[in-house]
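S.K.: Here's a structure for you.
What follows is calculated from the coordinates using simple rules that are stated; it is not laboratory data. Predicted, not measured: the structure shown is a model, and the values here were computed from it. All Cβ positions, glycine included, derive from the backbone under ideal geometry; neighbour counts span all protein chains shown.
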Ligand code: TMP
């Protein structure tokens with residue numbers, strides 16, 4: 001069987017740390033696990049990430065429509081090349097650090113693009129593939145942004161960039177963290193609405209708790225859904241893209 005788990009949350013919510021921790025634990029326990037990060041995890045997705053973060057067109061901002069299609073182009077590629085083939089083979093546990101809910105939260109609630117239309121775009125990009133389980137790491141935007149700010153001031157630029165998943169651009173600023181606190185509040189409200197609409201898929205996690213406590217909470221939820229560890233193949237699934 002395959003299990004598809006996504007992690008969602010605002011800036012500095014700690015979702016990437018938790019996605020990685022879960023992936024490592026699954027591998028340690030001999031499960032086949034693949035960790036994906038959106039946008040990224042395919043050659044096209046990495047280009048999209050570089051474009052979104054690097055602003056090769058100069059100081060001009062990208063229109064909201066173009067931004068939407070860049071994120072969803074990366075998602076369409078990831079679903080077509082990685083997620084769907086794995087699901088067809090019924091192989092492993094797929095962990096996605098952000099997926100379709102990010103578009104509804106950021107472009108829908110944050111940028112105020114029409115939600116119903118975003119649902120259609122998402123549906124086209126994902127071919128209807130939804131996670132079985134979604135962890136929403138919820139915290140006050142002030143708290144999350146403070147964590148991101150601390151990382152950026154404490155670490156040299158390149159290391160902060162890596163720690164923040166490639167969101168620091170060449171001038172040392174970040175695209176979404178610079179938005180108003182209202183923007184981040186709307187994203188939080190949007191995520192909580194999504195969780196309310198689909199309680200069977202979402203688990204809301206209080207991101208103010210310690211990393212260890214959150215990891216334990218997540219593990220206890222995931223372990224209930226796991227089949228016996230697979231004895232076929234290497235535990236860590238690797239991404240392969242033919243040239
Ligand atoms: P990250 O926080 O996982 O590195 O994600 C990169 C940024 O892109 C983050 O600020 C959220 C934003 N984003 C969207 O606005 N829409 C999307 O569909 C996705 C996947 C990310």
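S.K.: Which shape class applies to the range 79-144: rounded if a/c is under 1.5, otherwise prolate when a/b exceeds b/c and oblate if not, where a ≥ b ≥ c are the square roots of the Cα gyration tensor eigenvalues?
M.R.: oblate
S.K.: Sorted from largest down, give the three principal axis spans of the alpha carbons of the range 1-107, whole angstrom values.
M.R.: The Cα atoms of the range 1-107 stretch 47, 29, 22 Å along the principal axes, largest first.
S.K.: Moving to a separate point now. In the range 56-73, which residues have a backbone nitrogen under 14 Å from the label point lying 7 Å from residue 50's Cα in the Cα-to-Cβ direction?
M.R.: Inside the label zone: 56-57.
S.K.: Please list, short to long, the whole-number percent of alpha-carbon pairs of the range 2-223 in consecutive 10 angstrom bins beginning at zero.
M.R.: For the range 2-223, the pair-distance distribution reads 8, 34, 41, 17, 1.
S.K.: Right, another one. Measure off 7 Å from each Cα along the Cα-to-Cβ vector at residue 62 and residue 198, then give the distance between these two points in nanometres to one decimal.
M.R.: Spacing of the two 7 Å Cα→Cβ label points: 2.3 nm.
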